[in-house]
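See below for the structure under consideration.
The values are calculated or read from the model by the stated rules, or taken from the named source; none is laboratory data. Note that this is a predicted model, so its numbers are computed, not measured. Using ideal geometry, Cβ is built from the backbone for each residue, glycine included, and neighbour counts are taken over all protein chains shown. Ligands, DNA and RNA are excluded from the accessible area calculation, which covers all protein heavy atoms including side chains. Shrake-Rupley method; radii C 1.70, N 1.55, O 1.52, S 1.80 Å.
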Amino acid sequence: MVRAFLTVLALVLAPLPVVAQDCRLALLLALDVSSSVDEAEYVLQRDGMAAALIEPDIVDAILSQGGPVALGVYEWSGRRQSHVVQDWTLLRSEADIAAVAARIAAAERSYSRFPTALGYALGFGATMMRQAPACERRVIDVSGDGITNDGFWPQLAYEHFPFDGITVNGLAVLGADPDVLDHYQFELQHGPGAFVETAQGYEGFRQAMVRKLYREINNQVVGQAARPGHGPG
């Protein structure tokens, strides 16, 4: 039943992507708003992502290599609780980056009482990626602090949704669930050059996101899992 439902979902046609000349990366950031994330942790996560985007090393990585980066942001939790915070936008200037960071920082939490449905979150991301500008690389960046406890697991999403050519990286927030790192490494990460970064609780989220964005934007491949402290931040 679940497989048949997924097959139908995967066949739904999304709008065709808009061509962006010389776009080198379509990057989709996914934030965990499941019930395991309390309000203080949500603020650390949301504000940490916004602050990471305007770090000088990240701004330089986005703007210094030629060709824009396309960015989208959504929140995820339960089976049908995914919400777009920032629709696809091309980052061509510091003003573009600052505007996106301000929009993220001003966002109100979309959901707070639903479980962790990573498979559904990935399906939402794959569908949103179909609407992205046509770029050389496509990456979904998923943050979270727990394992899938509702709906189908990531591997079923990869079987039934269009993930060809898409890399899925993870940012595992340590502390709430002892199995989160294994889940992100063995179930979530997917595709060419995929990796998992770690944050020591949500207090370490901003620095971990800086390291992760730096690797993703610069297309660095240094191993299966990122070492805490690797890169800027």
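Yes or no, residue by residue, for (1) of a type in the set (Phe, Trp, Tyr); (2) touching a Lys or Arg at 6+ places or on another chain (Cβ under 8 Å); (3) at pLDDT below 95:
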residue	(1), (2), (3)
67	no, yes, yes
75	no, yes, no
81	no, no, yes
97	no, no, no
110	no, no, yes
117	no, yes, no
141	no, yes, no
148	no, no, no
Tally, over region 98-145, of residues that are more than 22 Å from residue 57 (Cβ to Cβ), in contact with a helix residue (DSSP H, G or I) (Cβ under 9 Å, 6 or more places away or on another chain), open to solvent by 40 Å² or more (accessible area, probe 1.4 Å) and charged (D, E, K, R): 2
Residue among 175, 191 that alone is of a type outside the set (A, V, I, L, M), on the phi > 0 side of the Ramachandran plot and surrounded by 16 or more Cβ atoms within 10 Å (Cβ to Cβ): 191
Pick from 52, 134, 98: which is of a type in the set (A, V, I, L, M) and within 30 Å of residue 148 (Cβ to Cβ)? 52
Only unsatisfied item for residue 220, checking (1) modelled with pLDDT of 95 or more; (2) in a loop (DSSP other than H, G, I, E, B), is (1)
